[in-house]
Amino acid sequence: MMDDQKFDFTTEGEVFGYISLDQARLRVMEEAGQNTGSYGNRYRNIDMAFDVVEAIESEDLYTITLSFRPEGDFIGTAGQEQFVVEKEGRIAIRQVLSLPKPTRRQSRLLPSAVVLAVVGVIIVVSVMFGTIRNSDSDRYFASLTGAAGGVTADELNGVSPDAVMSSETDMSNEIQNTSISAESDSLVWPEGKIRDASNVETDNSIIPVESSSIFQLAGQPQGESVDLTLFGPSLEAMRHFQKGESWRADREWELAIESFSQAILLSPNFRDAYLQRGITYHYDKSFHDKAVQDFNEVIRLDPNGWEGYSHRGRAYRSSGLYEEAIYDFRRTLELGSNNPEDQMEVGVAYYYLGEFDEALEELSKAVRLDPGSPHPYQERGRVYERLNEPQLALEDWEMALRFEPDNPWLYKHRGMAYVSLGDYDKAMEDYNKALEMDPGYSDIYDYRGRLYGILGLYEEERVDRAKFCALESGSC
């Protein structure tokens, strides 16, 4: 472990050679703006707007998470990308956590209008009535909001059950004889198939229908009912969800979690609220268990979706649960994730388990999936180092340097490969190049000092060792 009391400090109190957290934020923002991440075909060649949503400092690293979305008017949930930055300034890991998800709901609310709930061919009466015009046609489609609300008896009177049995229905031509029965506390259509609305009144006042009400599906056998919250979040839940995203953008983690929790309370099957609350919990390792619980809910609600598995895998990996992480990342890939980072994560988990042959196999797949990214080459290069394959490691470092020519960490590792291959001149060039980029990179002084010793340049070795000891305590 590092002992801060033995470090040299700048006048600002920073460890000499280390960048500050603010400098790391700037470094990440510059990297994100200049080099497009692995955002898939949908967002290829689209300019993104970035914002720092979290910046965490640990003993040796900065972990910085950015939100990103297409520039301009964008309605929906921003994506997230995470950067792990060494304190010397090198970006060690860059991974896309989630992609931007546009909101399809384009509402055109008509005052005190009737809402139709369309779920395939099964239609239910919503707890709040209002019409929404579908963006793809001039027909009115229903929105099952789950929010408390209602319509007047006059407005509801005459709505035909047939009107809500098809998404092709134009409501203006569907006024028939529908009644409201106060005696049975139900909304009664001619066939009597929609039942169990609470607190129905027969005057012209607003009919309150609680969000917890259970409605029988049109056409279902009597006595079989469905919970309306299965069909989507309420408008009030959406408002809390959006507040949560706003709080998180301002790095107000507790307020963000509170807002996401309120959204879940209002709509217990709100998948995205669980997902975003879990991601927020994941930022703090002390909330690992809560993050996993939320991702479990995402998987329960969306068992054929890959996002829950992907984020749970990252939570497991950051907690050292590598076997569990491998299972989740494999499941992510089986379910159709197009994110090469998920494939790479399988190999990284095997690396930390010490299963290098498996790591090599998985990372080679990641290279094939994303040959234009430096990260799979970097991770595979580390495996080749551990397998004592310096020539193969060298080839991967050279590929990675094509994409990140200003990365001193890559020059350090390529220099190590040259030393193993006996090419000391090229190794010295790489070490010197790395120190030109980052004069405070302590490891380079250590490796260059060792190389000076191999070359018999003992005074130069002594100087580099002294510099290394000044920057890195406990190693001299």
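Quote the charge dipole size of region 19-102 about the Cα centre in Debye, to the nearest 20; the model charges only the Cβ of Lys and Arg (+1) and of Asp and Glu (-1). Write out the running numbers ahead of the final one.
Details: 9 positive and 14 negative charges, 83 e Å.
Using Cβ point charges on Lys, Arg, Asp and Glu, region 19-102 gives about 400 debye.
Spacing of the modelled spin labels on E57 and D73, each 7 Å from Cα toward Cβ, amounts to 4.2 nm. About the centre of its Cα atoms, region 334-406 shows a dipole size close to 140 debye [charges on the beta carbon of Lys, Arg (+1) and Asp, Glu (-1) only; nearest 20 debye]. Starting from the 7 Å offset along Cα-to-Cβ, what nm value, one decimal, do you get for the label separation of A92 and E334? Reported label-point gap for A92 and E334 is 3.1 nm. Taking a point 7 Å out from the Cα of I454 in the direction of its Cβ, the residues of region 416-437 whose backbone N falls within less than 13 Å of it are 416-431.
Along each principal axis, taking the top coordinate minus the bottom one, the Cα set of region 419-476 gives 30, 25, 18 Å in descending order.
Its Cα centre serving as origin, region 344-470 has a Cβ charge dipole (Lys and Arg +1, Asp and Glu -1) of approximately 240 debye. Between L21 and D357, the simple spin-label model (points 7 angstrom out along Cα→Cβ) gives 4.5 nm.
Each reported figure results from applying straightforward, stated rules to the coordinates on display, with no laboratory input. Computed from a predicted structure; not experimentally measured. Cβ atoms come from the backbone with ideal geometry, glycine included; neighbour counts cover every protein chain shown.
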